[in-house]
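Every read-out reported here was derived from the displayed coordinates using simple, explicitly stated rules and does not represent laboratory data. Because the structure is a prediction, the values reported are computed rather than measured.
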Amino acid sequence: MNRVLRLLPVVFALACLGMGGAPKITVRFYVEANPRDTEAFSTPITFTNPPRQAFIEKVPSINERTIRSMYPFQAADGTWGAAFLLDNKGRIELEAASTLRRGSSMVVFVVTKHGIHQVVDMVIDKPVRDGIITIPKGLTELEIRALAKEYKLMVPAKK
């Protein structure tokens with residue numbers, strides 16, 4: 001019994017470490033799936049660029065855990081965009097997805113406590129090797145504020 005009481009503070013401390021809480025906002029990038037994939041691997045979706053019915057993989061290619069920093073900017077249509085610098089794992093995942101799935105689409109979802117927002121879908125037109133992925137438009141000002149609280153802001157390089 002004495003031994004159990006000595007382990008109790010250690011167990012409590014370890015439990016508290018895992019209680020950091022979920023992020024207030026998540027950003028996930030899903031790649032278009034093969035239409036012949038089963039429901040276990042893909043989910044139906046309506047793409048907007050170009051408008052069509054298709055499927056996306058159930059597991060995101062890139063997620064918020066691989067983002068190191070971000071650079072927000074105002075898009076031409078009045079919404080917001082953001083460039084995300086990925087960590088090494090994210091850089092490798094982005095390079096693999098953009099190389100192997102060239103010609104297909106990637107769709108971005110932002111999830112907050114208020115709901116899920118399908119931001120934009122983009123055609124994968126070339127391999128991306130620098131570890132920077134950009135959402136060109138579609139983010140709201142509130143989403144940008146939440147992302148700025150979650151991630152370090154990138155400083156643009158001087159010319």
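Computed over the Cα atoms of the stretch 23-153, what is the ratio Rg over Rh, Rh following Kirkwood? Rg/Rh for the stretch 23-153 comes to 0.94.
With 0.36 nm allotted per residue and the present C-alpha distance subtracted, the Thr48-Arg102 stretch has 17.7 nm of extension available.
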